[in-house]
1. Using only C-alpha atoms and all pairs of different ones, pull out the Kirkwood radius for chain B in Å with one decimal.
2. With labels modelled as points extended 7 Å from the Cα through the Cβ direction, what inter-label distance (nm, one decimal) is found for B:Arg105 paired with A:Gln80?
3. May I have the convex hull volume per residue, in Å³, for the Cα set of the protein assembly as shown?
4. Given R₀ = 41 Å, what would the calculated FRET efficiency be for A:Ser9 paired with B:Ser28, taking r from the Cβ atoms and rounding to 0.05?
5. Using only the C-alpha atoms of the range A:1-86, find the volume of their convex hull and express it per residue in Å³.
6. By how many nm would the segment from B:Lys15 to B:Lys73 grow when fully extended, if each residue of separation counts as 0.36 nm and the alpha-carbon distance is taken off?
7. Which FRET efficiency value, to the nearest 0.05, do you get for B:Ser52 and A:Glu44 by plugging their Cβ-Cβ distance into 1/(1 + (r/R0)^6) with R0 = 22 Å?
8. Taking amide H atoms as placed 1.01 Å from N in the peptide plane, list the residues 5 or more away in sequence, or in a different chain, whose amide H sits under 5 Å from that of A:Gly107.
Amino acid sequence: GAGVSQSPSNKVTEKGKDVELRCDPISGHTALYWYRQRLGQGLEFLIYFQGNSAPDKSGLPSDRFSAERTGESVSTLTIQRTQQEDSAVYLCASSAGQRLDYTFGSGTRLTVV
Amino acid sequence: AQRVTQPEKLLSVFKGAPVELKCNYSYSGSPELFWYVQYSRQRLQLLLRHISRESIKGFTADLNKGETSFHLKKPFAQEEDSAMYYCALSGGGTASKLTFGTGTRLQVTL
């Protein structure tokens, strides 16, 4: 597609429920990144995919967080048993190869109540 | 460890005044530095990267390895420059990700 697409744009969930966030990168972009931005804070790295492998998942905050990617296409970030501190904007970005000029999606705003 | 510090949360300047958004970094190797910008109701987007040594929308940034800084400058601020600015660092080479600062909101007033 023309840009990085994320869905849903907004998600309100009850504490303890699981959520899935989706990212569609730019076609042909081999690298895909997930970041989290809590209110008033900077972007916090979560995980990086090169193709469908994840050479760096060092930023996943707990084992409740997982992510997968199908080929060089869609990625899904799953948060199990959501907690209030998971409330944030989750941003996805993609880039061509090892170039680091990211193209960002518009993010998913997750609110855990 | 990589770290990026943007000491100002908010910078307010008058239209036509010079702008300097500060960015300091901590990294032991040779970093690649970037500035990203987010205008109101738009996505975060790349503004410039130091290896390109370019000027975008009148903004420039010079990497100062001695002071470990990558400040963003513009000689004359415009209203349309009002946005959130993020400095970011990569370890270079085959480094896999960017480390972002907490951002500075630039507010240009008349």
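Each reported figure results from applying straightforward, stated rules to the coordinates on display, with no laboratory input. Note that the coordinates shown come from a computational prediction; the quantities given were computed from them, not determined experimentally. Positions of Cβ are backbone-derived with ideal geometry, glycine not excepted, and every protein chain shown enters the neighbour counts.
1. Value: 14.0 Å, from the Cα pair sum.
2. Each label point lies 7 Å from its Cα, and together they span 3.8 nm.
3. 122
4. The calculated FRET efficiency here is 0.55.
5. Dividing the Cα hull volume of the range A:1-86 by its residues yields 99 Å³.
6. In short, 19.5 nm is gained.
7. The pair B:Ser52/A:Glu44 has a calculated efficiency of 0.25.
8. For A:Gly107, whose amide H was placed from the backbone, the distant partners under 5 Å are A:Gln6, A:Cys92.
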